[in-house]
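A short write-up of the structure that comes next.
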Amino acid sequence: MHWLIALSMLFLLLTVFLRLGWMNKVHIADIIKQYLATTNQTLSDEQLIVLAKQIRKPMWDWHIYIGYVLVGLYVIRLLLPFFGEMKFRNPFNKELPQKVKFQYIVYLLFYLCVALSLITGLVIELGPKEFKEPMEKIHILSIYYLLAFIAIHFAGVLMAEFTNQKGIISKIISGNK
């Protein structure tokens with residue numbers, strides 16, 4: 001479950017970075033414009049942007065498909081504790097050490113942020129058109145919590161590997177407990 005969710009999120013991030021970088025509509029439109037100039041053809045800037053959007057549409061469709069996959073994985077993850085697997089821990093338990101409380105709170109925040117991202121994504125795709133723009137503004141902010149969480153997650157794993165949980169990385173990769 002961990003790796004399916006992680007790979008889905010990484011794929012979603014890849015599509016976002018492609019859309020912001022190499023597959024940026026303005027960048028693609030400029031490439032088309034330069035090519036057309038060599039063939040003595042022209043299109044308006046609006047037409048170039050429409051064409052650029054069409055070129056990157058299949059890549060963006062994959063963002064949406066993997067978003068649906070992530071919704072399913074998220075629902076399964078929320079249901080697993082009811083079947084005795086992957087229990088959620090109470091971060092407000094007074095008997096827990098501060099480090100463990102911090103870990104549980106970070107995971108709780110992560111799951112809440114993921115829920116917000118998934119809900120806003122679903123509203124963008126399936127909801128009323130008047131909600132699309134405000135939901136997109138919220139949904140775009142998802143990249144910030146996700147990048148922060150990935151950094152915190154890797155830092156925590158490395159700290160554990162080099163302190164009290166030697167071998168945790170090989171256990172994560174192999175799946176052995």
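The values are calculated or read from the model by the stated rules, or taken from the named source; none is laboratory data. None of the values given here were measured: they were computed from a predicted structure. Don't worry about glycine lacking a Cβ; one is built from the backbone with ideal geometry, like all the others, and counts go over all protein chains shown.
Can you tell me how many residues within region 24-48 are of a type in the set (G, A, S) and in a helix (DSSP H, G or I)?
Residues that pass the stated criteria total 2.
Output the qualifying pairs, or none if there are none: Cβ atoms under 9 angstrom, residues six or more apart or on different chains, first residue in region 75-96 and in contact (Cβ under 8 Å) with a residue 40 or more places away in the chain, second residue surrounded by 11 or more Cβ atoms within 10 Å (Cβ to Cβ) and part of a loop (DSSP other than H, G, I, E, B).
Sorted first by the residue in region 75-96, then by its partner, the pairs are I76/M1; R77/M1; R77/M86; L80/M1; L80/M86; M86/M1.
How many residues does region 81-103 contain that are at positive phi and either under 26 Å from the mean Cα position of the chain (by Cα) or surrounded by 13 or more Cβ atoms within 10 Å (Cβ to Cβ) (or both)?
Counting residues in region 81-103 that are at positive phi and either under 26 Å from the mean Cα position of the chain (by Cα) or surrounded by 13 or more Cβ atoms within 10 Å (Cβ to Cβ) (or both) gives 1.
Report yes if some residue within region 155-169 is hydroxyl-bearing (S, T, Y), on the phi < 0 side of the Ramachandran plot and surrounded by 15 or more Cβ atoms within 10 Å (Cβ to Cβ); otherwise report no.
no
Does any residue of region 133-140 turn out to be at pLDDT 95 or above, out of contact with any Leu (no Cβ under 8 Å at 6 or more places or on another chain) and not in a helix (DSSP H, G or I)?
no
Looking at L109, L126, which one is loosely packed, with under 10 Cβ neighbours inside 10 Å and within 22 Å of S8 (Cα to Cα)?
Only one candidate passes the filter, namely L126.
Which members of region 154-175 meet the condition of being at pLDDT below 80 and either closer than 14 Å to H2 by Cα or part of a helix (DSSP H, G or I) (or both)?
Once the filter is applied, which keeps residues that are at pLDDT below 80 and either closer than 14 Å to H2 by Cα or part of a helix (DSSP H, G or I) (or both), region 154-175 yields I168, I169, S170, K171, I172, I173, S174, G175.
Exactly one of these conditions fails for G121: (1) within 21 Å of R77 (Cβ to Cβ); (2) among the small types (G, A, S); (3) exposed (fewer than 12 other Cβ atoms within 10 Å of the Cβ). Give me its number.
Every listed condition holds for G121 apart from (3).
Kindly evaluate E130 against the criterion of being closer than 21 Å to Y65 by Cα, acidic (D, E), assigned to a helix (DSSP H, G or I) and without any contact (Cβ under 8 Å) to a residue 24 or more places away in the chain.
When the stated conditions are applied, E130 does not pass them.
Quick one: how many residues across region 67-104 are of a type in the set (F, W, Y) and either touching a helix residue (DSSP H, G or I) at 6+ places or on another chain (Cβ under 7 Å) or farther than 27 Å from A160 by Cα (or both)?
Total meeting the criteria: 5.
Kindly check whether there is at least one residue in region 103-123 that is in a loop (DSSP other than H, G, I, E, B), out of contact with any Ser or Thr (no Cβ under 7 Å at 6 or more places or on another chain) and not polar (S, T, N, Q).
no
How many of the residues making up region 1-35 are more than 15 Å from H63 (Cβ to Cβ) and either crowded, with 16+ Cβ neighbours inside 10 Å or aromatic (F, W, Y) (or both)?
Summing the residues that are more than 15 Å from H63 (Cβ to Cβ) and either crowded, with 16+ Cβ neighbours inside 10 Å or aromatic (F, W, Y) (or both) in region 1-35 gives 7.
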